[in-house]
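Asks: Following this message is one structure expressed as structure tokens.
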Amino acid sequence: MYGMVNKAIEELVISGYGEDIWEQIKLTAGVEEEVFVSTEGYPDAMTYALVGAASEVLKMPASDVLESFGKHWILKTAQNGYGDMMAAGGKTLREFLVNLPDFHSRVSMILPHLAPPKFYISDIEEKSVRIHYQSHRAGLSPFVVGLMKGLGERFSTPVIVEHAADKAAGADHDEFVVRW
Ligand code: HEM
């Protein structure tokens, strides 16, 4: 994944727990990089190792780490680094979610090696949608839940996110029903 992902984990940890804890997490993960370059590629395994080590050091389930990371990604990383792109995604939560399938194709124009997930949307109602999520990466559904909650905060529209189909439990792909 692009370095910006590891960098965002670093920011999240340092802002909440300080530099020493971050150094401890890197040591536990066996990550020796001093800095992550946002636009350079790093192995996915490094990101997974950082999340696993954060879970160990902070004594928090990995799913909670990923969910916090999802919120941070929307509210801080995407907003501060790519505010115009986020603004173009939609003016309301509903609009943003309906447009979500096209989002990463715009990101790909500036990050050409992006290997993004695929989203498609069904059951579009006034106050809910069903989000289908497909990725070649495993175990990131709590990250998606955090992303949805982050979007809820972005639009001051509190959400309830139901993980309605779970690939890890044998479903064809993950599905989330988002209600607000
Ligand atoms: C401008 C804002 C955004 C940027 C710059 C961005 C960029 C990225 C990058 C760099 C990755 C790592 C994959 C790679 O490096 O190949 C990624 C992954 C991901 N993005 Fe985005 N993204 C943005 C917004 C969003 C939004 C709004 C959502 C959904 C609400 C989202 C959902 C995801 C998910 C779930 C992954 C995990 C990878 C996977 O599932 O395989 N992203 N994105």
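The values are calculated or read from the model by the stated rules, or taken from the named source; none is laboratory data. In this text, all values refer to a predicted model and were calculated from it rather than measured experimentally. In this analysis, Cβ positions are derived from the backbone assuming ideal geometry, glycine residues included, and neighbour counts consider all displayed protein chains. Remember, those area values only see protein heavy atoms, side chains included, never the ligands or the DNA or RNA. Shrake-Rupley method; radii C 1.70, N 1.55, O 1.52, S 1.80 Å.
Asks: Evaluate segment 142-161: report whether one residue or more is open to solvent by 70 Å² or more (accessible area, probe 1.4 Å) and small (Gly, Ala, Ser).
Replies: Scanning segment 142-161, I find at least one residue that is open to solvent by 70 Å² or more (accessible area, probe 1.4 Å) and small (Gly, Ala, Ser), so the answer is yes.
Asks: What's the number of the only condition in (1) closer than 26 Å to ILE9 by Cα; (2) not in a strand (DSSP E or B) that ILE124 fails to meet?
Replies: Of the numbered conditions (1) closer than 26 Å to ILE9 by Cα; (2) not in a strand (DSSP E or B), the odd one out for ILE124 is (1).
Asks: So, SER63, is that one in contact (Cβ under 8 Å) with a residue 12 or more places away in the chain and polar (S, T, N, Q) or not?
Replies: Criteria met by SER63.
Asks: Let me ask something else about it. Scan (1) within 23 Å of VAL5 (Cα to Cα); (2) out of contact with any Ser or Thr (no Cβ under 9 Å at 6 or more places or on another chain) for the single condition GLY81 breaks and write down its number.
Replies: Among (1) within 23 Å of VAL5 (Cα to Cα); (2) out of contact with any Ser or Thr (no Cβ under 9 Å at 6 or more places or on another chain), GLY81 violates only (2).
Asks: Would you say PHE143 is under 22 Å from GLU10 (Cα atoms), among the aromatic types (Phe, Trp, Tyr) and part of a helix (DSSP H, G or I)?
Replies: yes
Asks: What do you reckon, is HIS163 part of a strand (DSSP E or B), within 21 Å of PHE69 (Cβ to Cβ) and at pLDDT 95 or above?
Replies: For HIS163, the condition - part of a strand (DSSP E or B), within 21 Å of PHE69 (Cβ to Cβ) and at pLDDT 95 or above - is met.
Asks: Please note which helices (runs of 4 or more DSSP H) are completely contained in segment 1-117 and include at least 2 residues that are within 11 Å of the ligand (Cβ to nearest atom).
Replies: Because the criterion is at least 2 residues that are within 11 Å of the ligand (Cβ to nearest atom), the helices (runs of 4 or more DSSP H) in segment 1-117 that meet it are 3-17, 44-58, 62-72, 83-88, 93-99, 103-110.
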